[in-house]
Amino acid sequence: MTSNKSILLVAWFFYPKLGGAEMIVLNQARYLRDSGYDVSVLTSTVKGLEADDSFDGIKIFRRDFINSSVSYPADEIVANLEKIFARTEIKIVHFHNGSYPAASTDMYAGAENIKTIYEFARLHNCKVVEHSHNAQLKDPVATKQLRELDWDCVICVSNFVKQKWIEFGNQAKDLRVVYNGIDLSKFNHVQADPSVDKLRLTIDGKLIFFPARVVSMTQGAISKQKNFILLLAACKKLLELGITNFRLIAILNESEKEQKTRKANRVLGDLLCVYDLGDHITFIPTVMPDDMPKMYAAVDIICVPSLYETFGLVYIETMASGKVAIASNTGGPTEYIKNGKNGFIVDPNSPDDLSEILYEVLTDEKLNEKIRRNGLATAKKFSVETMMTKIEAIYKKLLEEK
């Protein structure tokens with residue numbers, strides 16, 4: 001093992017907490033491991049898991065100062081980092097969303113912790129890479145100070161994100177786009193989830209899947225960004241037009257332990273009274289990432305009409321599963337979804353627009369076949385291997401610099 005192949009990935013969350021960005025980190029870590037790199041992950045703590053852990057041959061360092069709403073003393077963070085760096089000669093520190101402090105109650109505090117990690121890496125002559133998955137500017141003070149750090153390279157997951165960095169006044173030496181990639185093998189010839197597949201026996205039509213959480217666990221409210229309300233309104237319009245050959249499937253965390261969750265579920269109940277879909281909607285428990293391909297295999301349409309998506313991993317997964325993807329016309333998805341060719345793009349503020357697209361998909365099987373075929377071809381361009389070939393080229397360039 002050569003010392004110049006030691007990489008530290010810094011991520012807000014890691015396995016077993018996996019969202020879109022976290023899946024990218026996991027796939028990246030696995031690829032680097034298989035390619036002979038000494039790879040480790042610095043991430044936030046998880047109740048019940050060891051501080052120094054490993055998963056799938058990947059070293060994991062779980063620390064409280066990651067994704068924290070508290071500004072930790074710099075010397076405490078440094079002491080932790082010195083122990084980590086003593087184990088291997090790290091050459092590159094690769095931050096995922098390092099420019100976006102995720103601490104929900106005090107983003108400025110989270111930014112200070114990340115800045116300390118950055119400064120420690122610089123002091124130890126590491127190259128520093130920022131991998132920007134988010135583009136929203138929720139806290140100008142906290143995000144500005146992190147964006148303006150002297151990153152050796154900023155990787156943007158889409159041209160949409162890159163343009164936002166430019167608009168924000170980014171001064172990075174190297175600002176480039178590397179699209180996200182998925183493990184295509186996980187979506188080929190997958191056995192459908194039997195519990196969902198049984199729903200087909202109860203309807204003469206198609207299953208529409210909303211794979212995002214309806215209720216935000218952090219906000220304790222209906223998730224606005226994923227725009228579930230628009231989908232409810234569009235489905236209601238279909239029923240009003242006499243189109244009944246569908247069932248909407250959505251994920252709902254049924255835990256009543258948290259007061260925020262109970263409150264959000266009451267709000268959801270009120271919404272379902274307004275948008276009364278009757279037996280045309282079914283809620284299922286949280287689906288773990290490893291089980292999501294089975295869900296895709298069981299349904300026909302995956303619809304997430306988000307208010308914005310910086311990339312939209314779900315749509316690539318949908319295409320790789322041979323299903324019909326419906327996204328909104330904002331952000332990253334417009335860079336690879338061609339409306340009516342390999343998927344559909346809708347106005348995130350128009351229930352009429354979405355209901356018209358759903359009507360087409362529910363009634364035109366010839367169109368569906370074309371969409372699925374072209375979607376499969378598109379998905380092949382977004383593999384983990386394609387993504388990591390570009391990232392490895394960045395590593396090589398940085399390590400060759402004096």
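The values are calculated or read from the model by the stated rules, or taken from the named source; none is laboratory data. No experiment lies behind these values; they were computed from the predicted model shown. Quick reminder, even Gly has a Cβ in these numbers, built from the backbone with ideal geometry, and neighbours come from all protein chains shown.
Of everything in the stretch 108-163, what is more than 19 Å from residue 92 (Cβ to Cβ), surrounded by 15 or more Cβ atoms within 10 Å (Cβ to Cβ) and in contact (Cβ under 8 Å) with a residue 40 or more places away in the chain? Give them in sequence order.
Those that are more than 19 Å from residue 92 (Cβ to Cβ), surrounded by 15 or more Cβ atoms within 10 Å (Cβ to Cβ) and in contact (Cβ under 8 Å) with a residue 40 or more places away in the chain: 109, 110, 112, 113, 134, 135, 142, 143, 147, 158, 160, 161.
Quick check on my filter: what residues within the stretch 40-72 are part of a strand (DSSP E or B), surrounded by fewer than 16 Cβ atoms within 10 Å (Cβ to Cβ) and of a type outside the set (Gly, Ala, Ser)? Matches in the stretch 40-72: 52, 55. In the set 358, 362, 376, only one residue is at negative phi, touching a Cys at 6+ places or on another chain (Cβ under 8 Å), in contact (Cβ under 8 Å) with a residue 40 or more places away in the chain and part of a helix (DSSP H, G or I); that residue is 358.
In this entry, residue 154 is excluded by the filter for residues that are touching a Ser or Thr at 6+ places or on another chain (Cβ under 7 Å), closer than 25 Å to residue 381 by Cα and assigned to a helix (DSSP H, G or I).
The selection criterion, being at pLDDT 90 or above, part of a helix (DSSP H, G or I) and farther than 22 Å from residue 385 by Cβ, holds for residue 75.
So the check is Cβ under 6 Å with 6+ separation or different chains; which pairs have a first residue in the stretch 297-312 that's closer than 18 Å to residue 161 by Cβ and assigned by TED's automatic domain parsing to the domain that holds residue 227 and a second one that's in a loop (DSSP other than H, G, I, E, B) and of a type in the set (A, V, I, L, M)? Sorted first by the residue in the stretch 297-312, then by its partner, the pairs are 310/135; 310/157; 311/157. Being outside any helix (DSSP H, G or I) and buried (at least 23 other Cβ atoms within 10 Å of the Cβ) is the filter here; which residues of the stretch 27-39 pass it? Answer for the stretch 27-39, where residues must be outside any helix (DSSP H, G or I) and buried (at least 23 other Cβ atoms within 10 Å of the Cβ): just 39. For the stretch 69-76, state whether one or more residues are among the charged types (D, E, K, R), in contact with a helix residue (DSSP H, G or I) (Cβ under 8 Å, 6 or more places away or on another chain) and more than 20 Å from residue 143 (Cβ to Cβ). Within the stretch 69-76, none of the residues are among the charged types (D, E, K, R), in contact with a helix residue (DSSP H, G or I) (Cβ under 8 Å, 6 or more places away or on another chain) and more than 20 Å from residue 143 (Cβ to Cβ).
Residue 42 falls short of the stated requirement of being under 20 Å from residue 397 (Cα atoms) and touching a residue at least 40 places away in the same chain (Cβ under 8 Å). Screening 401, 360, 365, 369 for residues that are surrounded by 13 or more Cβ atoms within 10 Å (Cβ to Cβ) and not small (Gly, Ala, Ser) leaves exactly one candidate, 360. Restricting attention to the stretch 166-200, and to residues there that are in a loop (DSSP other than H, G, I, E, B), buried (at least 16 other Cβ atoms within 10 Å of the Cβ) and of a type outside the set (A, V, I, L, M, F, W, C), which single residue is nearest to the chain's Cα centre (by Cα)? The extreme case among them is 180. Condition first: farther than 19 Å from residue 211 by Cα, modelled with pLDDT under 95 and not assigned by TED's automatic domain parsing to the domain that holds residue 177. Can you find one or more residues in the stretch 246-257 that meet it? Within the stretch 246-257, one or more residues are farther than 19 Å from residue 211 by Cα, modelled with pLDDT under 95 and not assigned by TED's automatic domain parsing to the domain that holds residue 177. Scanning the stretch 311-330 for residues that are over 30 Å from residue 198 (Cβ atoms) and surrounded by fewer than 24 Cβ atoms within 10 Å (Cβ to Cβ) turns up 329, 330. Scan the stretch 201-212 and tell me whether some residue there is assigned to a loop (DSSP other than H, G, I, E, B) and β-branched (Val, Ile, Thr). Checked the stretch 201-212: at least one residue is assigned to a loop (DSSP other than H, G, I, E, B) and β-branched (Val, Ile, Thr).
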